[in-house]
Amino acid sequence: MAKDSKKYKRKKKLGSYHYVSVVFSAALALFVIGLFGTLILQANKLTSVIKENIELQVYLNKDISSNQRTRIEREITSSDYILVTEGKPELTFISKEEAAQQFIEDTGEDFTEFLGKNPLRDALTIKVNETYQSNEQLQSVQDQIESISGVYEVTYVENLADSINENLTKLSVILIGIALILVVVVLLLINNAIKLALFSQRFLIRSMQLVGAKSSFIRTPFLKRSLLHGALAGLIASGLLYGLKQFANSEIKGLEELQQQELVFALYGLLIVLGAVIAYFSTLKAMNKYLKMSLDELY
């Protein structure tokens, strides 16, 4: 009999409820939104990688001297349109001999045997700064470089940059739209889970009101527990995401290169904070509802 009495008291302790289902539901919802957040981060990194690989081929005049070539390189690297990575301009020199060797390796045919000479030219490959990647700006950059003495021709894949930018813009709009929908769904899921969990406490809340307890006194233990449970749900979701990330990195080659560790861990922190905040305000909303209900409405 004493055991049953203790069990009953534990069930009726103010602020306690069946939180396992709440934490599980919140963790699952936060895991989904964290997974999508990871996808957005990966997409942004992939976007940067794609844009960083837009190149121009600068072909030089034949029999150009090394001094002339150095002057051309210096003029190009001092321009705003060239991409600079870690303080180093993205410019690569490819000699005509290297180009011929690469062509032979790719095709398996040695064109110098029947031509008797190497018709290729020395070339510079430059990567373009993101702010100069529209078709009009690339055309302007092409004109600037071709005006340099010693430059024979500048080529690039026309409309590639515009096509990439257009497709990436569409993708960004779609991802943001889906993210907003997911946030709303997560809010509803966590809010409903907490509301159902607090439903079992409605008569205890009424009893506390009848003995003169203030609303702030009744709300406090529920709100404190909601912060803890929400943060725990975010921590569980972050742990699941980390495990999934490690597994994906081991299975998919090159995936880790698209990940920015600082942003990934910032996302985990955001999930913990988001879980705590959503749980807190959902609990506050539910508590205010039950505190204002009449006895008939409670039944």
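Values in this text are rule-based calculations from the coordinates and carry no lab data. No experiment lies behind these values; they were computed from the predicted model shown. A quick note on method: Cβ atoms are made from the backbone with ideal geometry, for glycine too, and the neighbour counts reach across all protein chains shown.
Between the listed residues Y132, S79, I104, the Cα displaced farthest toward the positive end of the dipole of region 55-155, a dipole computed from Cβ unit charges relative to the Cα centre, is found at S79. Subtracting the Cα-Cα distance of I252 and D143 from 0.36 nm times their residue separation leaves 35.1 nm of extension gain. Sequence-ordered 3J(HN,Hα) estimates for region 70-87 from the Karplus curve with 6.51, -1.76 and 1.60 and θ = phi - 60° stand at 4, 5, 5, 4, 5, 5, 5, 5, 8, 8, 6, 7, 7, 6, 10, 10, 6, x Hz, glycine and proline given as x. Under a no-solvent Debye model with one identical scatterer per Cα of region 55-155, what's log10 I(q)/I(0) at q = 0.10, 0.11, 0.15, 0.23 Å⁻¹? The Debye formula, applied to the Cα set alone, gives -0.31, -0.37, -0.66, -1.19. Proximity of backbone amide H atoms, modeled 1.01 Å from N, is registered between I82 and N129 at under 5 Å, excluding neighbours fewer than 5 places apart on the same chain. Per-residue extension of 0.36 nm, minus the Cα-Cα distance of K62 and V183, leaves a gain of 37.5 nm for this segment. For the pair T169 and S216, a Förster radius of 45 Å applied to the C-beta separation gives a FRET efficiency near 0.35, rounded to the nearest 0.05. Taking other C-beta atoms within 10 Å as the exposure proxy, K127, K88, K195 rank K88, K195, K127 from fewest upward. From the Kirkwood radius over Cα pairs of region 29-95, Stokes-Einstein at 37 °C and 0.692 mPa s returns a whole-number translational diffusion coefficient of 216 µm²/s. For the listed peptides 248-261, 138-151, a ranking on the average number of other beta carbons within 10 Å per residue, highest first, reads 138-151, 248-261. Rounded to the nearest 20 debye, the dipole size of region 55-155 about its Cα centre is 400 debye, using +1 on the Cβ of Lys and Arg and -1 on the Cβ of Asp and Glu. What is the gain in length, in nm to one decimal, between K289 and Q101 on full extension, counting 0.36 nm per residue of separation less the C-alpha to C-alpha distance? Stretched fully, the K289-Q101 segment lengthens by 59.9 nm.
Legend: residue pairs K214/K289; K224/K245; K88/K245; K51/K245, Cα-Cα distance threshold 20 Å; pairs beyond threshold, K224/K245; K88/K245; K51/K245.
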